[in-house]
Each structure stands twice: as C-alpha cells, then as structure tokens.
1. Based on DSSP loop calls and a cut-off of at most 15 other Cβ atoms within 10 Å, the longest stretch of the chain free of exposed GluC sites (Glu not before Pro) is what?
2. How do Val144, Val57 stack up against each other in accessible area, from largest to smallest, with a 1.4 angstrom probe?
3. Please name whichever of Val138, Gln114, Thr97 sits farthest to the positive end of the charge dipole of region 92-156, dipole taken about the Cα centre and charges placed at Cβ: Lys and Arg +1, Asp and Glu -1.
4. Count the DSSP beta bridges whose two residues both fall in region 12-134, then state the antiparallel fraction as a percent rounded to the nearest 5.
5. Between Cys109, Cys73, Cys50, which gets the highest mean-square fluctuation from a Gaussian network model of the chain, Cα cutoff 10 Å?
6. Given the pairs Lys89/Lys145; Lys45/Lys89; Lys59/Lys142; Lys43/Lys83; Lys45/Lys145, which are separated by over 23 angstrom at their Cα positions?
7. For Thr28, Thr102, what's the largest-to-smallest order of accessible area, 1.4 Å probe?
8. Run the helix sum for the chain: -39,500 (n - 2.57) per DSSP H stretch of 4+ residues, divided by residue count, reported at 222 nm to the nearest 500 deg cm²/dmol.
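The values are calculated or read from the model by the stated rules, or taken from the named source; none is laboratory data. Predicted model only: the values in this text are computed from it and were never measured. Note that we place each Cβ from the backbone using ideal geometry, even for glycine, and neighbour counts take in every protein chain shown. The accessibility values were calculated without ligands, DNA or RNA, using every heavy atom of the protein model including side chains. Shrake-Rupley method; radii C 1.70, N 1.55, O 1.52, S 1.80 Å.
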Amino acid sequence: MKKKSLNIEYLEYDSVTDLNSEERELITQADENLKNAYAPYSKFKVSAVCKMEDGGVVKGTNQENGAYPSGLCAERVAIFAAKSQFPDKNVDKIVITTEQTTRSPVSPCGACRQVLIEYELAQNQSIVLIVKSGDSKVWKFKSVKDILPFAFDGEFLK
Ligand code: THU
C-alpha cells in the first residue's frame, strides 16, 4: 500500500486590480455581461467569458428553465458557444463572475468541470480559469485539471 497525496496550486488575488490589464478587462466584460443572465428562479446570476487564442471573446450566462434541469450554467453556455462557432480555435482562458459576493469565489460545478476538461484535452492546451464573485478575492487556476483531479476522459473508452 502506498499513501499518495495531491497538491493543487492556485493564485489568490486580494483585488481585481492585482491582475494584469488583459485579465482585468475580461473580468469587466464578464461583470457587464451579468445583466444577460436568465436566472428568474435562483436569482443567482453567473457570467462566463471565454478568451480565444486570437484575442476574441465569447460570452455566456446561466440560462434557467421552469423545468429546472433543462437550464444550463454560464460556463457551459459560454464554452459550447465558443466551440460551436470556432471549433478550431483554442480557448486560452475562461473568466467566471457572479453578481453576489459569496464566501469564496464560485468555481465551476462538477458538470461544468467535466465539460471544460473535455475541451482542454481536445485542444491539448491548458485553459486558465479565473473566478470572482461580487467584491470577493479572485482565484486563478492554471488548468482545468487543477479543479478536476482524476478526471474521466475519452481515453478510457479506447
Ligand atoms: N451556476 C452557474 O451558472 N455556474 C456555476 O458555476 C454554479 C451555478 C448557475 C446554475 C443556476 O442557474 C444558478 O447558478 C444556481 O445554481
């Protein structure tokens, strides 16, 4: 028997102002996009911005539904939109913000992590994740793998 452990590194910024100008701008764009969330049931608005390799951005917000499971999180709306419009362009970064200030920045739910890692592996380039909620601190992860260790992926199907 071997005892093993994992160490996950991420950056915590006390303020958005500590990020570089490109990342600050992406957070501003994500925050401005919060108004497009459709969250009449939870009232919890989430916005996600994918920064593509060519500098373009593709945005998404959570889209809820009266039949609750039919709704979709902002991260999946954004990355599905990005990869359906620009299948050959890599996603460099995804920035996720919420309107509410929460106890910590809101990082993607399990299903979104699974979707994000699919594209990270397919494009063979890490996707940087930046998350911020309300006036909270900011967390930055260098790869989706850091928030989904032991991920299942298509390789297991071969
Ligand atoms: N939500 C997201 O859009 N992203 C997350 O990472 C967490 C949760 C949405 C789903 C639902 O519309 C609302 O937030 C409350 O769960």
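1. Longest run free of exposed loop sites: 54-158.
2. Details: Val144 0, Val57 55 Å².
Greatest to least solvent exposure: Val57, Val144.
3. Result: Val138, furthest along the dipole toward the positive end.
4. Working: 13 of 20 bridges.
Of those bridges, close to 65 percent are antiparallel.
5. Highest fluctuation of the listed residues: Cys109.
6. Listed pairs above 23 Å: Lys45/Lys89; Lys43/Lys83; Lys45/Lys145.
7. Descending accessible area places them as Thr28, Thr102.
8. Working: 3 runs with 39 residues, N = 158.
Roughly -8000 deg cm²/dmol at 222 nm, from the helical runs in the chain.
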